[in-house]
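K.L.:
Got a structure for you, questions after.
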Amino acid sequence: MLVCDDQGVMRAGFAAVLSSQPDIEVVGEAGDGALAVREARRLRPDVVVMDIQMPGIDGIEATRQLAGPNAAGLTGDGATVPRVLIVTNFNLDEYVYQALRAGASGFLLKDAPPAELIGAVRVVAAGESLLAPAVTRRLIGRYAGRIRPSDSGSPAAGHPLGGLSPREREVLTLIAAGLSNAEIAGSLFISAETVKTYVSRILAKLGLRDRVQAVVFAYQEGLVSVRD
């Protein structure tokens, strides 16, 4: 994995914590976004731990270049697109939302305990998305609530949401609220396997990569009401 942060002490701390684990190898570090992109393409890590505020190219643009919609075509040799885990301060609400839209697979607060950082890297490396429910509702909900359409009626013909069944829309709403598959299953009185099936169908129908993108989509489209 690659650690990217403009503060040397922070990079060293992350690298030390992660390198202490037998299943995690830190292959490099970067102090700015441009170097992060170059090193990621050179070293090809599975996971990039990315700060948002860095000089030059910031973490959002670096994430877009590494994991955005056009990232796969930039390597030219079929190399796997890395998963990006954003690490940030809690008060950067709008930047976090933009980073998730840019292709990040999740985010973590910089003051999270070492065990949470290690767990987050493992989750992202396994191809899953990291969405802490409370942080998701506050960060994404607050920002997206200001840009979502005001019309909360039924989806118009041809609208992406129109392709979802009522149950799929219900599941998507619960995903956006930050619920895990087990919590969704308990809420809807269905099995966790059934929830996984619904989630897979939702992602396929909407052309989304993972749960992070599903959360962003739900807020963008006004499926979730935000009351702060």
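The values are calculated or read from the model by the stated rules, or taken from the named source; none is laboratory data. What you see is a predicted model, and the numbers here were worked out from it, not measured in a lab. Reconstructed Cβ throughout: ideal geometry from the backbone, glycine too, with neighbour counts over all protein chains shown. Note: accessible area is taken over every heavy atom of the protein model, side chains too, but ligands, DNA and RNA are not part of it. Shrake-Rupley method; radii C 1.70, N 1.55, O 1.52, S 1.80 Å.
K.L.:
I'd like to know if the stretch 191-202 contains one or more residues that are in contact with a Gly (Cβ under 9 Å, 6 or more places away or on another chain), closer than 25 Å to residue 85 by Cβ and basic (Lys, Arg).
P.N.:
Looking through the stretch 191-202, none of the residues is in contact with a Gly (Cβ under 9 Å, 6 or more places away or on another chain), closer than 25 Å to residue 85 by Cβ and basic (Lys, Arg).
K.L.:
Residue pairs, Cβ under 7 Å, 6 or more apart or interchain, first in the stretch 91-102 and under 11 Å from residue 212 (Cβ atoms), second at pLDDT 70 or above and part of a loop (DSSP other than H, G, I, E, B). List them.
P.N.:
99/52; 102/68
Conditions tested, residue by residue: (1) at pLDDT 85 or above; (2) open to solvent by less than 10 Å² (accessible area, probe 1.4 Å).
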| position | (1), (2) |
| --- | --- |
| 85 | yes, yes |
| 95 | no, no |
| 109 | no, no |
| 118 | yes, no |
| 126 | no, no |
| 135 | no, no |
| 145 | no, no |
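K.L.:
Looking at the stretch 168-178 only, could you name the residues that are under 18 Å from the mean Cα position of the chain (by Cα) and open to solvent by less than 40 Å² (accessible area, probe 1.4 Å)?
P.N.:
Once the filter is applied, which keeps residues that are under 18 Å from the mean Cα position of the chain (by Cα) and open to solvent by less than 40 Å² (accessible area, probe 1.4 Å), the stretch 168-178 yields 172, 174, 175, 176, 177, 178.
K.L.:
Counting just the residues of the stretch 192-214 that are outside any helix (DSSP H, G or I) and open to solvent by 60 Å² or more (accessible area, probe 1.4 Å), which one comes out nearest to residue 129 (Cα to Cα)?
P.N.:
Out of the qualifying residues, it is 209.
K.L.:
Oh, and also: For the stretch 13-32, name all the residues that are touching a residue at least 12 places away in the same chain (Cβ under 8 Å) and either farther than 17 Å from residue 83 by Cβ or open to solvent by 50 Å² or more (accessible area, probe 1.4 Å) (or both).
P.N.:
15, 17, 23, 25, 27, 29, 31, 32
K.L.:
Anything in the stretch 215-228 that is in contact with a helix residue (DSSP H, G or I) (Cβ under 7 Å, 6 or more places away or on another chain) and either surrounded by 15 or more Cβ atoms within 10 Å (Cβ to Cβ) or in a helix (DSSP H, G or I) (or both)? List them, or say none.
P.N.:
215, 216, 217, 218, 219, 220, 221, 223, 224, 226 - these are the residues of the stretch 215-228 that are in contact with a helix residue (DSSP H, G or I) (Cβ under 7 Å, 6 or more places away or on another chain) and either surrounded by 15 or more Cβ atoms within 10 Å (Cβ to Cβ) or in a helix (DSSP H, G or I) (or both).
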